[in-house]
Amino acid sequence: MQKKTIWILLFVLASLNAQRIKTIQLRPLGENNFSAIVPLGSILKLSFDDLDADSKEYKYKIEHKTHDWKPSRLLSSQFVNGFDQNTIINVTNSFNTLQSYTHYEVKIPNINTVITKSGNYLVSVLDAYDAVVFTRRFVLYENVTTVPVSVIRSRNIKTMDTQQTIQFSVIHPGIRINNPRQEIHITLLKNNNWNESIHDVQPTFFKQNQLLYTYMNKTNFWGGNEYLNFDSKILRNKSLNIVKITKKEVYNHYLYPFTFNAFRNYTYNPDINGQFAVRTLEGNDNNTEADYALMHFSLQVDEMFKEKEVYVYGAFNNFSIGEKNSMYYNPKNQTYHASILLKQGFYNYTFATRGEDGLANTTKINGSFFETENEYTAIIYFKPFGSLYDRVIGVGSGYFNQNR
């Protein structure tokens, strides 16, 4: 009984810690690169802010996974030179901000942790009690195959205006694949969002040193719509899509209301596919001098959605739906509202609904169109008979081209 109580307390503490963690990023070095799917040996930077601003001790832990994100058979010593778990020591405090915070970051690999195998990986951040505060996925791949990817308009008459079809091939002259149906696993990913993915499709044709995947329906994704955006790089003055600013404990930024239209037409609008970039024009260091603002989102509707919850959705919360990004409905002004504390920067977002199936649906409010510019990624896993783990032997990406 006492042990159970201790575990409950640890869980509560971890939950409280997680609520104060903001701006989690796991990305390659360099600007405008948002994907944590990188060649083996590349450097990824994990960073986040703790709004308690009290310099807690956090650790990171690396775990190898199978192609379907189950625990791998590999021991940590078989995929890491050094330590699979270590303390995050790069810790700095915010400077000249209304919202105080502590910024943490670590580069992987580093002198203590060198990853030696390709595959799926999960990095967990642990608190002083070894409770998991949050996790993020990343993929390390080997460049031993070529994976051309094409994205075309759906050929299905029922979905030709709303869906996109992914076709690709795996060219493998340097790898002997004896039984592709058992040794090869595929994941197709839309906009680096693991909640929008297709798994384990089989080759439709075989050629010498080449596997072809030319489905017409099985690899279809909803096109969705271009993401909405705002820019809060300046706190005191209105910027892109910010209509009103007030100052309380922190700055409050009110975004232009979005009006729901069930018959919306597609309009091209350049986006970064749901991602975000931290930046400020009021300091020199984005990591510690960018402040936080309370962003106010509003969605105008004629009537409340029946049996559906509404959320603000994007990479800023890892494309998840939960209490922190939930919207509430005000019948007086027929508007859904949400207020979310976000670090200064340029953000993409959209609105998602959740019904009885528990899944996020981004097409109900903003529509779905075959013209939408999306990025698709094909990840190729290879596990020959007798092997202990799933290698990632190639990655390909493609965008929709309206001229096809």
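The values are calculated or read from the model by the stated rules, or taken from the named source; none is laboratory data. Keep in mind the model is a prediction, meaning the values are calculated, not measured. Quick reminder, even Gly has a Cβ in these numbers, built from the backbone with ideal geometry, and neighbours come from all protein chains shown.
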Count - residues of the stretch 253-308 that are in contact with a Lys or Arg (Cβ under 9 Å, 6 or more places away or on another chain) and on the phi > 0 side of the Ramachandran plot: 1
Does TYR329 satisfy the condition of being crowded, with 18+ Cβ neighbours inside 10 Å, modelled with pLDDT of 95 or more and either of a type in the set (Asp, Glu) or not assigned by TED's automatic domain parsing to the domain that holds GLN25 (or both)? no
Could you please give the count of residues in the stretch 63-91 that are part of a strand (DSSP E or B) and under 25 Å from the mean Cα position of the chain (by Cα)? 10
Selection over the stretch 291-303 where residues are part of a loop (DSSP other than H, G, I, E, B) and either among the aromatic types (Phe, Trp, Tyr) or surrounded by 14 or more Cβ atoms within 10 Å (Cβ to Cβ) (or both) yields a count of 2
Can you pull out the residues in the stretch 304-338 that are assigned to a loop (DSSP other than H, G, I, E, B) and among the small types (Gly, Ala, Ser)? GLY314, SER320, GLY322
Among the residues of the stretch 332-370, which ones are crowded, with 18+ Cβ neighbours inside 10 Å, within 16 Å of ALA293 (Cβ to Cβ) and of a type in the set (Ser, Thr, Tyr)? TYR347, TYR349
Here the residues within the stretch 277-288 that are closer than 24 Å to PHE319 by Cα and surrounded by fewer than 17 Cβ atoms within 10 Å (Cβ to Cβ) are ARG279, ASN286
Being outside any loop (DSSP other than H, G, I, E, B), among the small types (Gly, Ala, Ser) and at pLDDT 95 or above, is that true of even one residue in the stretch 366-380? yes
Collect the residues in the stretch 235-276 that are hydrophobic (A, V, I, L, M, F, W, C) and either surrounded by fewer than 17 Cβ atoms within 10 Å (Cβ to Cβ) or within 29 Å of PHE400 (Cβ to Cβ) (or both), keeping them in residue-number order. LEU240, VAL243, VAL250, LEU255, PHE258, PHE260, ALA262, PHE263, ILE272, PHE276
Could you tell me how many of the residues in the stretch 96-112 are crowded, with 19+ Cβ neighbours inside 10 Å and either within 24 Å of the chain's Cα centre (by Cα) or assigned by TED's automatic domain parsing to the domain that holds GLY283 (or both)? 7
Residue that is in contact (Cβ under 8 Å) with a residue 40 or more places away in the chain, within 30 Å of VAL106 (Cβ to Cβ), among the hydroxyl-bearing types (Ser, Thr, Tyr) and not in a helix (DSSP H, G or I), where the choices are THR288, THR350, THR280: THR280
Scanning for something without any contact (Cβ under 8 Å) to a residue 12 or more places away in the chain and either not hydrophobic (A, V, I, L, M, F, W, C) or not assigned by TED's automatic domain parsing to the domain that holds ARG391 (or both), does the stretch 50-57 turn up at least one residue? no
